[in-house]
Amino acid sequence: MADRVTVIGWDGSPLTAAARSALSAATLVAGAAHHLALPEVPPTAERIRLGSIGLAARRIAGHRGTAVVFADGDPGFFGAVRILRAPEHGLEVEVVPAVSSVAAAFARAGMPWEDAQVVVAHPRTLRRAVNVCRAHGKVAVLTSPGAGPAELALLLGRVHRTFVICEELGTDKEQVTVLTSDRVADHSWRDPNVVIVIGGQAAAPAEPAWLLAQSPVQTAERGWARPLADAGEGESAHLRAAQLARLGPRTGDLVWDIGTGSGVFAVEAAAFGAAVIAVDADPLACARTTAAARKRGVLLQVVPGRAPHVLEDLPEPDVVRVGGGGAEVVAAVADRRPERIVSHASTRDEAEAIGRALTEGGYTVECALLQSVGLDTRTWSEQERSVVFLLAAERPVNR
């Protein structure tokens, strides 16, 4: 097997002494075409044009000699090092890093990036990467063929963002282009590229950042599902806490909040890092939700309209809260096959109708009667009582 594997990061600058030393002893060199064309690559070394890192790792593991693997940027940052260090290959790996393509992209844009989310977009993860761009005001996307700037822009749809597209960083073909997202799909883009997606009106941090990629929303306030004076009917803190717990919104998810009301659920789901689309037929509810999101410093999309008809043009959700509309809306949501759905009802008849719609839609359903009583701690007398049926549905894994 290979005596040693050295992974060299390359950012277009001259190779370091350590990189040149490793190359001079290499009997096998793997990399992209522009790496293999470097004059420092020994003419006698076996050359592998990198496609699949996993396949290359197996060839390297069977090679008798010293191997070098080239990677763009820092190979330890969403790069080749993780795959080469997999136990099944049995390789001893040394790394000569370079400036990561993400750091280089932000440098070209002249922007700080300690507050940026960084995601990798492959065809299988593209949708989740887009959801991160919906939910956060600054995202670096490491793209791939079939999941590039055009595909990102198309899936963002009506969500307006600015794209800083950095093509072939570090090469003589390097180009940086700034476009609004509605114009990105009209162009062809060269691989590899890094896309910085910026936009929205998230609150500026009140103090200097201290944790990489941590939103100020997630550090500024403690607690969630807190009682709010302006919460509407069916939006008690205890019900909201149970609904959030059942849905478990997370980064990369798209949450629908149908019948958003005061917007408190939508805002809290967004504070967990999820992308949120809040739907309501009442223009005042839409305005309240927009104001609540701005106050909390989260990004979400507000769509005015009446369900179920307004749902037809929305992108596919991961989890859904149905805050209004009853069984008809629940059935329409179930047809879109999200992983989880929660709803509530004030009467048993309504709960049974929603439960039937969910069951007929192929979901496993649970129902609980939630009762809470608020007490005045000065006199320990009852202040308010809430009784509601909570319905939580989960799609079976094989459906």
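The values are calculated or read from the model by the stated rules, or taken from the named source; none is laboratory data. Values in this document were obtained by computation on a predicted structure and should not be read as measured data. FYI the Cβ positions are ideal-geometry reconstructions off the backbone, even for glycines, and counts take in every protein chain you see. SASA here: full protein model, heavy atoms, side chains in, ligands and nucleic acids out. Shrake-Rupley method; radii C 1.70, N 1.55, O 1.52, S 1.80 Å.
List of remarks:
- Matching residues in region 138-179 - criterion: being under 13 Å from residue 198 (Cα atoms), of a type outside the set (A, V, I, L, M, F, W, C) and open to solvent by 60 Å² or more (accessible area, probe 1.4 Å): 160
- Residue count, region 12-25 (criterion: open to solvent by 30 Å² or more (accessible area, probe 1.4 Å) and closer than 16 Å to residue 99 by Cβ): 5
- Selection of first residues in region 372-399 that are more than 18 Å from residue 345 (Cα to Cα) and in a loop (DSSP other than H, G, I, E, B) and of second residues that are open to solvent by 60 Å² or more (accessible area, probe 1.4 Å) and not basic (Lys, Arg), restricted to Cβ pairs under 8 Å at least 6 apart or on distinct chains, gives the following pairs, ordered by first then second residue: 395/339; 395/364; 396/364.
- Screening 64, 85, 59, 47 for residues that are within 32 Å of the chain's Cα centre (by Cα), of a type in the set (Lys, Arg) and open to solvent by 60 Å² or more (accessible area, probe 1.4 Å) leaves exactly one candidate, 85.
- Qualifying residue in region 91-107 (condition: closer than 12 Å to residue 142 by Cβ, part of a strand (DSSP E or B), open to solvent by less than 50 Å² (accessible area, probe 1.4 Å) and of a type in the set (S, T, N, Q)): no
- Residue, modelled with the lowest pLDDT, within region 371-385, restricted to residues that are of a type outside the set (Val, Ile, Thr), open to solvent by 30 Å² or more (accessible area, probe 1.4 Å) and at negative phi: 384
- Breaking point among (1) touching a Leu at 6+ places or on another chain (Cβ under 7 Å); (2) under 28 Å from residue 291 (Cβ atoms); (3) of a type in the set (A, V, I, L, M, F, W, C); (4) modelled with pLDDT of 95 or more, for residue 195: (2)
- For residue 361, the stated conditions do not hold, so it cannot be described as buried (at least 18 other Cβ atoms within 10 Å of the Cβ), touching a Pro at 6+ places or on another chain (Cβ under 8 Å) and under 30 Å from residue 251 (Cβ atoms).
- Residue list for region 343-358, filter: within 17 Å of residue 238 (Cβ to Cβ) and open to solvent by 20 Å² or more (accessible area, probe 1.4 Å): 344, 346
- Scanning region 26-39 for residues that are more than 38 Å from the chain's Cα centre (by Cα) and crowded, with 16+ Cβ neighbours inside 10 Å returns 26, 27.
- Count of region 262-278 residues which are among the hydroxyl-bearing types (Ser, Thr, Tyr) and on the phi > 0 side of the Ramachandran plot: 0
- With respect to the conditions (1) open to solvent by 20 Å² or more (accessible area, probe 1.4 Å); (2) more than 24 Å from residue 161 (Cβ to Cβ); (3) assigned to a helix (DSSP H, G or I), residue 312 lacks only one, and its number is (2).
- Output for region 1-41, where each listed residue is of a type in the set (Val, Ile, Thr) and free of Cβ contacts under 8 Å to residues at least 60 places away in the same chain: 27, 29, 41
- Out of 332, 368, one residue alone is surrounded by fewer than 21 Cβ atoms within 10 Å (Cβ to Cβ), of a type outside the set (S, T, N, Q) and part of a helix (DSSP H, G or I). It is 332.
- One residue alone among 252, 263 is open to solvent by less than 10 Å² (accessible area, probe 1.4 Å), in contact (Cβ under 8 Å) with a residue 40 or more places away in the chain and of a type in the set (Gly, Ala, Ser), and that residue is 252.
- For region 273-291, a residue qualifies if it is assigned to a loop (DSSP other than H, G, I, E, B) and in contact (Cβ under 8 Å) with a residue 24 or more places away in the chain, and the qualifying residues are 273, 274, 281.
- Of the criteria (1) on the phi < 0 side of the Ramachandran plot; (2) open to solvent by 10 Å² or more (accessible area, probe 1.4 Å); (3) of a type outside the set (A, V, I, L, M), which one residue 6 fails: (2)
- Residue check for residue 78: touching a residue at least 12 places away in the same chain (Cβ under 8 Å) and either acidic (Asp, Glu) or open to solvent by 70 Å² or more (accessible area, probe 1.4 Å) (or both): yes
- Residue 294 passes every criterion in (1) open to solvent by less than 70 Å² (accessible area, probe 1.4 Å); (2) assigned to a helix (DSSP H, G or I); (3) closer than 27 Å to residue 159 by Cα apart from (1).
- The single residue among 338, 317 that is open to solvent by less than 40 Å² (accessible area, probe 1.4 Å), at pLDDT 95 or above, assigned to a loop (DSSP other than H, G, I, E, B) and closer than 21 Å to residue 160 by Cβ turns out to be 317.
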